[in-house]
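Working notes, structure below.
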Amino acid sequence: MNIRDEEEKIMPASAPIVQYYAVNGDLEMSAGKIAAQAAHAASISVIDLLRGDGSRFPAPEYGEWLAAWYRGGMAKIVLRGTEDDLLRLREQGFYAVQDGGKTEVPAGSLTVVCLPPMPKSKARKYVGGMKLL
């Protein structure tokens, strides 16, 4: 039995693949601002993952999850986190967006952090304590 077989036991191919976005609930942002910041995160993450071996997440499963996520309709879940939650995610290497300060929040504000597409069961350990936005 190879590692791929072991992974299938743990994470079947039918496991839902989603992309989580953690929005900084400590900032006052309008719905439009949140949408724009999440769109930045989505763009950054997909562009990075398409780099393959040059990606922040070069392991083959991330490319496979990206393809499965795309084929499955690109499910997204948006959560509200604290600044500390977002800092913790950024420290773990996830995709962080810092605002340019041109509209609603000060320059450099950490607005959104997103995870690459992955099985929900894997993402829970990173975002399990956050609530839906």
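Does at least one position in the stretch 27-49 carry a residue that is out of contact with any strand residue (DSSP E or B) (no Cβ under 9 Å at 6 or more places or on another chain), among the charged types (D, E, K, R) and closer than 22 Å to residue 129 by Cα?
yes
Just give me the residues in the stretch 54-95 being free of Cβ contacts under 8 Å to residues at least 24 places away in the same chain, hydrophobic (A, V, I, L, M, F, W, C) and closer than 19 Å to residue 132 by Cα, in sequence order.
87
Answer yes or no: is there a residue in the stretch 93-106 that is small (Gly, Ala, Ser) and open to solvent by 60 Å² or more (accessible area, probe 1.4 Å).
Residues of the stretch 93-106 that are small (Gly, Ala, Ser), as a first pass: 93, 96, 100-101.
From what is left, the residues that are open to solvent by 60 Å² or more (accessible area, probe 1.4 Å) are none.
Checked against the condition, which is being small (Gly, Ala, Ser) and open to solvent by 60 Å² or more (accessible area, probe 1.4 Å), the stretch 93-106 yields no hits at all.
Just give me the residues in the stretch 22-66 being in contact with a Ser or Thr (Cβ under 6 Å, 6 or more places away or on another chain) and open to solvent by 70 Å² or more (accessible area, probe 1.4 Å), in sequence order.
Within the stretch 22-66, just 26 meets the criteria.
Which residues, taken from the stretch 74-133, are β-branched (Val, Ile, Thr), within 19 Å of residue 33 (Cβ to Cβ) and not in a strand (DSSP E or B)?
Passing the criteria: 82, 103, 105.
The values are calculated or read from the model by the stated rules, or taken from the named source; none is laboratory data. Predicted, not measured: the structure shown is a model, and the values here were computed from it. Counting neighbours? That spans all protein chains shown, and the Cβs are built from the backbone with ideal geometry, glycine included. For accessibility, only protein heavy atoms count, side chains too; no ligands or nucleic acids. Shrake-Rupley method; radii C 1.70, N 1.55, O 1.52, S 1.80 Å.
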